[in-house]
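S.K.: What follows is a structure written as structure tokens; I'll ask about it next.
The values are calculated or read from the model by the stated rules, or taken from the named source; none is laboratory data. No experiment lies behind these values; they were computed from the predicted model shown. Note: ideal-geometry Cβ built from the backbone for every residue, glycine included; neighbour counts use all protein chains shown.
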There are 2 protein chains.
Amino acid sequence: MIEQPKPSALSKQIEEMVEWLASYGKDNSGGVTRLLYDPAWSAAQKAIQARIELLGLSARYDDVGNLFGRLSGRDPEANVVLTGSHVDTVIGGGKYDGAYGIIAALIAVEYLLTHYGQPLKPIEVVSLCEEEGSRFPMTYWGSGNITGVKEREAVHHINDVNGIPFEQAMHEAGFGLGLHAQPTRKDLECFIELHIEQGQVLEREEKSIGIVSHIVGQRRYNITVYGQSNHAGTTPMHWRHDAMFTSAELIRILMHRANAHESGLVATVGRMEVKPNVGNVIAREVTFSLDVRHSDAKIIEQFCEACFSDFETVTSEHGTTVTCHKWMDEPPVAMDCTLNQTAEDILKREGISYKRMTSGAGHDSQIFGTHCPTGLLFVPSQGGISHSPAEFTHTEDLQRGVRLLIDLLYKLAY
Amino acid sequence: MIEQPKPSALSKQIEEMVEWLASYGKDNSGGVTRLLYDPAWSAAQKAIQARIELLGLSARYDDVGNLFGRLSGRDPEANVVLTGSHVDTVIGGGKYDGAYGIIAALIAVEYLLTHYGQPLKPIEVVSLCEEEGSRFPMTYWGSGNITGVKEREAVHHINDVNGIPFEQAMHEAGFGLGLHAQPTRKDLECFIELHIEQGQVLEREEKSIGIVSHIVGQRRYNITVYGQSNHAGTTPMHWRHDAMFTSAELIRILMHRANAHESGLVATVGRMEVKPNVGNVIAREVTFSLDVRHSDAKIIEQFCEACFSDFETVTSEHGTTVTCHKWMDEPPVAMDCTLNQTAEDILKREGISYKRMTSGAGHDSQIFGTHCPTGLLFVPSQGGISHSPAEFTHTEDLQRGVRLLIDLLYKLAY
């Protein structure tokens, strides 16, 4: 049990640092836009680097632009306790997504160093270069490189919306040129990420901390219904093969089955394209998205199979056809039980309310989770709003997360 | 009972004239594009004018560009028997829509003049300037001007997709300048329009001619469902207010009620726009079109009321809201019973199969129908295909229509 920082001082420091990091990439929407390798991104990394050096840690980049601040341990053989999150944002994002995990790590390490000196095991703060996929069609570029699941070839021939090639952008920011160490790490003891929930569960259930057991698996499909275009006025109802009507029935099947599921499965149809999309013409083709998530891959599989089997009944009645093209199938990733138990013990001892939960959103922790023991901890998001300038978490909640991180790092590294 | 033209000669003449008129506006799609007041449109009207003059009829335009070919009658007091259709096409249209009614009128009047000389009542062939609304947001500009339901003010401030004002286009084609007579006619005895069905009823039921009792009434709505945008991964199903799910339920209600209707009502949802239309975001707003048609306005009203009442049940369950914005409400228009009986008598006598039917599509006849006794007669459309280069009607069917028109005009004018 360690002595914790004074709440008032900690609150002040968190608020200042949230504004400090948000000042890099402040945009006209009132939000923050820091896209991989752009000037705001470079400025933010340089500012974090300066802050790391000010704390007396050694700062270094790897060759894709991940930034590390290292507090060496007394044991020269010990692996690294790594903590942090991603520095990039979506376009018009908020001040907390990613940023909070980096800020919390900086504050926690500063506090531990000041109060407890050198740890047994090295602790590193990481500002991961990219997670959001907002500039290039590429996500988890930072954690993916550290864990070795991404290869340099993956970014050949991909461009941003302005046609700038990924590699050109990387080179212009000073990376990918061999000036820094290769990113793959084999020396990680564990990874701890503090993040805003980006959902409403903690807020609605009035819990301060979420201990994530799994990051859910995700399947995504493009579902296309093929019917027959015809004149809206001259085609009797019973002769129609209406791709829109079929789609409405299929979406209803998905939603009713998902609503009836009591296991926390979620299914979403958020996108639809209709051809020809004219009010007085029966639709010949409708494509809609399907996003299904659950912490158990078998349940996702069973859900999809059951729905797709119902689809056949509808299309055969309607004289239409359907194809379900699966283009993403990410398995669920379990977070580390021991780390979670340690976090739970601390929260119980401190009398802080918490919830064991799954993460419905993806995070760098799901990449680290297959590479080393990983812990993902949530603080509440007001109204569940994220990826928006309106993203907000109360300082009190931010503070509880930082205090938990201080305790955890102490347990793990001292 | 009159002597009819020889089938082989008539077939040849029809086929030649279909290709002749289709040569004005032939486009790269293999179809025909003649948009109001464009060069192809002007060339077609000039070619029809030349043909009219070659027949010895007097040709004249009115001030909006409708072209008339007049065969004077012996009775100076008699009103005009008018026949024809529209010369404009959709973009990438076929050879028959509109064109067939003009060609049939020219052939019928030529035949009658050659074989029976001057009629008692004047007969006029009309090539109506516009029906489709393909260039400007304006439909029935030709028939609407003749019947006085359209006013010149209606085209102030409307432009085509290239930003060309309606009036500029009209002036450049030589109309709207007072060089021709004002279009409104008070001297019409009746109007007869021969047209392709643009549906599959005649083909499927193996009938040669459709005698149209009514042109259906049409209502069109924009229906907007308002829900709440949220993260597809972090929002449990029971907290969602999903505008897409609600829309699927509403479309299903519309389709099930329309399918259960046994009166020939048709309802179509052909267009949908989703906001934000992203696969991993729950839709906050969905707008879809509704097109409802029937020959009885009361039935349309009852159908909409019943559906909209069901809508309330769904939206209150889903915690969403819906607005139904009616932007078109055209009443059904009855065709003339006496004209239809005359046509039926002729067909019975000739042993030609026919069907009394409604027209689910709009035609110039619905504008004339509120102004003077009007008859609309259909020939089959292969596969029901229209507004497409693939539009096709067998010459045999085209010929039966022309022969019916010859007989009808003789009955009405001689």
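S.K.: Select from region B:250-263 the residues that are within 7 Å of chain A (Cβ to nearest Cβ) and closer than 22 Å to B:S359 by Cβ and write down the one among them that is surrounded by the fewest Cβ atoms within 10 Å (Cβ to Cβ).
M.R.: So the residue we want is B:N259.
S.K.: Just the residues that are hydrophobic (A, V, I, L, M, F, W, C) and modelled with pLDDT under 95, please, taken from region B:71-128.
M.R.: Of everything in region B:71-128, those that are hydrophobic (A, V, I, L, M, F, W, C) and modelled with pLDDT under 95 turn out to be B:V90, B:I91.
S.K.: If you take the residues in region B:222-245 that are closer than 30 Å to B:K326 by Cα, surrounded by fewer than 22 Cβ atoms within 10 Å (Cβ to Cβ) and within 11 Å of another protein chain (Cβ to nearest Cβ), which one is modelled with the lowest pLDDT?
M.R.: B:S229
S.K.: Can you go through A:V278, A:V292, A:V266 and tell me which one is of a type in the set (V, I, T) and more than 24 Å from A:H214 (Cβ to Cβ)?
M.R.: A:V278
S.K.: Might you let me know whether region B:287-300 holds any residue that is under 30 Å from A:Q218 (Cα atoms), in a strand (DSSP E or B), within 14 Å of chain A (Cβ to nearest Cβ) and not small (G, A, S)?
M.R.: The answer is yes, given that some residue of region B:287-300 is under 30 Å from A:Q218 (Cα atoms), in a strand (DSSP E or B), within 14 Å of chain A (Cβ to nearest Cβ) and not small (G, A, S).
S.K.: Kindly provide the set of residues from region B:254-299 that are of a type in the set (D, E, K, R) and without any contact (Cβ under 8 Å) to a residue 60 or more places away in the chain, ordered by number.
M.R.: B:R257, B:E262, B:R271, B:E273, B:K275, B:R284, B:K298
S.K.: Which of (1) more than 8 Å from chain A (Cβ to nearest Cβ); (2) on the phi > 0 side of the Ramachandran plot is the odd one out, the single condition B:Q198 does not satisfy?
M.R.: Exception for B:Q198: condition (1).
S.K.: Would you check if B:R60 is among the basic types (K, R) and either buried (at least 17 other Cβ atoms within 10 Å of the Cβ) or closer than 26 Å to B:H180 by Cβ (or both)?
M.R.: The answer is yes for B:R60.
S.K.: Looking at region A:171-188, is at least one residue surrounded by 14 or more Cβ atoms within 10 Å (Cβ to Cβ) and more than 24 Å from A:D38 (Cα to Cα)?
M.R.: There is at least one residue in region A:171-188 that is surrounded by 14 or more Cβ atoms within 10 Å (Cβ to Cβ) and more than 24 Å from A:D38 (Cα to Cα).
S.K.: Return the residues of region A:297-335 that are of a type in the set (D, E) and out of contact with any helix residue (DSSP H, G or I) (no Cβ under 9 Å at 6 or more places or on another chain); say none if nothing qualifies.
M.R.: A:E301, A:E305, A:E312
S.K.: Something else now. Kindly establish whether A:W41 is crowded, with 24+ Cβ neighbours inside 10 Å and of a type in the set (F, W, Y).
M.R.: Answer is yes for this residue.
S.K.: Of the numbered conditions (1) at pLDDT below 95; (2) within 14 Å of chain B (Cβ to nearest Cβ); (3) in contact with a Leu (Cβ under 8 Å, 6 or more places away or on another chain), A:V212 fails exactly one; give the number of that condition.
M.R.: Checking A:V212 against (1) at pLDDT below 95; (2) within 14 Å of chain B (Cβ to nearest Cβ); (3) in contact with a Leu (Cβ under 8 Å, 6 or more places away or on another chain), the one that fails is (1).
S.K.: Please verify whether region A:272-286 includes one or more residues that are buried (at least 23 other Cβ atoms within 10 Å of the Cβ) and either in a helix (DSSP H, G or I) or polar (S, T, N, Q) (or both).
M.R.: No; the residues of region A:272-286 include none that is buried (at least 23 other Cβ atoms within 10 Å of the Cβ) and either in a helix (DSSP H, G or I) or polar (S, T, N, Q) (or both).
S.K.: Right, something else. Taking helices (runs of 4 or more DSSP H) that do not extend beyond region B:63-173, which have at least 1 residues that are free of Cβ contacts under 8 Å to residues at least 24 places away in the same chain?
M.R.: Output list reads B:99-116, B:166-172.
S.K.: Can I ask one more? Collect the residues in region B:375-404 that are of a type in the set (G, A, S), in contact with a strand residue (DSSP E or B) (Cβ under 9 Å, 6 or more places away or on another chain) and on the phi > 0 side of the Ramachandran plot, keeping them in residue-number order.
M.R.: Matches in region B:375-404: B:G384 only.
S.K.: Please find, within region A:264-282, the residue that is nearest to the other protein chains (Cβ to nearest Cβ) out of those that are of a type in the set (D, E, K, R) and under 21 Å from B:M255 (Cα atoms).
M.R.: Only one residue tops the list, namely A:E273.
S.K.: Kindly indicate whether B:L339 is in contact with a helix residue (DSSP H, G or I) (Cβ under 9 Å, 6 or more places away or on another chain) and within 30 Å of B:E3 (Cα to Cα).
M.R.: For B:L339, the condition - in contact with a helix residue (DSSP H, G or I) (Cβ under 9 Å, 6 or more places away or on another chain) and within 30 Å of B:E3 (Cα to Cα) - is met.
S.K.: Answer yes or no: is there a residue in region A:281-298 that is out of contact with any Gly (no Cβ under 9 Å at 6 or more places or on another chain) and more than 30 Å from B:R293 (Cα to Cα).
M.R.: Yes: one or more hits.
S.K.: Report whether or not A:R204 is farther than 19 Å from A:D62 by Cα, within 14 Å of chain B (Cβ to nearest Cβ) and part of a strand (DSSP E or B).
M.R.: Here the answer is no, as A:R204 does not meet what is asked.
S.K.: Please identify the pairs in which a residue from region A:220-240 that is within 20 Å of B:V216 (Cα to Cα) and in the same structural domain as A:N277 (by TED's automatic domain parsing) has its Cβ atom under 7 Å from the Cβ atom of a residue that is part of a helix (DSSP H, G or I) and aliphatic (A, V, I, L, M), counting only partners at least 6 apart or on another chain.
M.R.: Taking only residues 6 or more apart or on different chains, the pairs are A:M237/B:A258.
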